[in-house]
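Since every read-out is calculated from the coordinates, none of them should be taken as a lab result. Since the structure is predicted, the reported quantities are computational estimates derived from the model, not experimental observations. Cβ placement follows ideal geometry from the backbone for every residue including glycine, while neighbour counts extend to all protein chains displayed.
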């Protein structure tokens, strides 16, 4: 039986994009280990520091708290010792810098292509991390062909060892929809556009405001969910009256309720290694208007309506298609659902296990 360690630092962190990927893949590997042959072949063990804040329910994968440190220090100094001699999987863009027996997920190359969205310290640290793990690791995994090409152009050592494993989205189907949020904010089904907001420049939140600014007498409503400071939202949207409703942080259940009742989901991001939100929307039958850059067209294929994210007039045009009923929503959502159903965590986990057999 072959021992495979998993870097469990993600269990000490709030769940955002990369932590979501780690959690879902681990849960799916745990399910796959029901197969007796696979459970004889591999013994998966998650190693974590002491400050774990999440407990994902696993039946077959062990979770071991090791060491005395936490954060980067634990990852660089103690994790290599406790995983010595065996393969280590790192899901969240980092790993021990000099460990050879490891596979590292690097989700995108934003620190090279769009560094303005990060602090100089952050960029310097991750450039060093990417350079060293790409040099010493046995394998690098990324989540789209777009990210693969971006990483190869910035990290020559990665070309011979990088592969693409697309991530899943079917976790969203298991979430129970909470539609109380509609009553709470006076929202009507099929009468609002949804966007998940972020202050990060790459998310291009202001494109939506620019589009609204170009739409005189527009009576529609935009719902903004996510981690933007309410004061900042108020300042940015002060001229739009009742057109914008900010609902703040929402639970997965509330987000599903919003996806399922929105007229359309708008995704104006200018840089994504993969981009889960539009695929989540597609999986739940919500039409998507998305920017036509980075990995987004590769991932969403013909399941979305696209626009140039730096041209507000293009977004205005696409919004009007939906409000003037000039687009066949049923045809679009049927295509979108078929595409979204192809992204499963089981497929991701199976491809990862196949990769581990080669390492």
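Within segment 330-359, list the residues whose amide N lies under 12 Å from a label point set 7 Å along Cα→Cβ of residue 161.
359
In Å, the Kirkwood hydrodynamic radius of the chain over pairs of distinct alpha carbons?
Answer for the chain: a Kirkwood hydrodynamic radius of 21.6 Å.
Calculate the spin-label point distance for residue 58 paired with residue 253, positioning each point 7 Å from the Cα along the beta-carbon direction, and give it in nanometres.
Those two pseudo-labels are separated by 2.6 nm.
With contacts defined as alpha carbon pairs under 8 Å and 6 or more residues apart, what's the relative contact order of the chain in percent?
Relative contact order for the chain comes out at 15 percent.
Residue 350 to residue 213: FRET efficiency via 1/(1 + (r/R0)^6), r the Cβ-Cβ distance, R0 45 Å, to the nearest 0.05?
Once rounded, the FRET efficiency stands at 0.45.
Only helical DSSP H runs with n ≥ 4 go in: add -39500 (n - 2.57) per run for the chain, normalise by residue count and round the 222 nm mean residue ellipticity to 500 deg cm²/dmol.
Helix contribution divided over all residues of the chain: -11000 deg cm²/dmol.
If packing is taken as the average count of other Cβ atoms within 10 Å, what order do 154-160, 201-207 fall into, highest mean first?
Highest-to-lowest ranking by the protection proxy: 201-207, 154-160.
Full extension from residue 180 to residue 198: what is 0.36 nm times the residue separation minus their Cα-Cα distance, to one decimal in nm?
Here the answer is 4.1 nm.
Which value in nm describes the separation of the simple spin-label points at residue 81 and residue 301, placed 7 Å from the Cα toward the beta carbon?
4.9 nm
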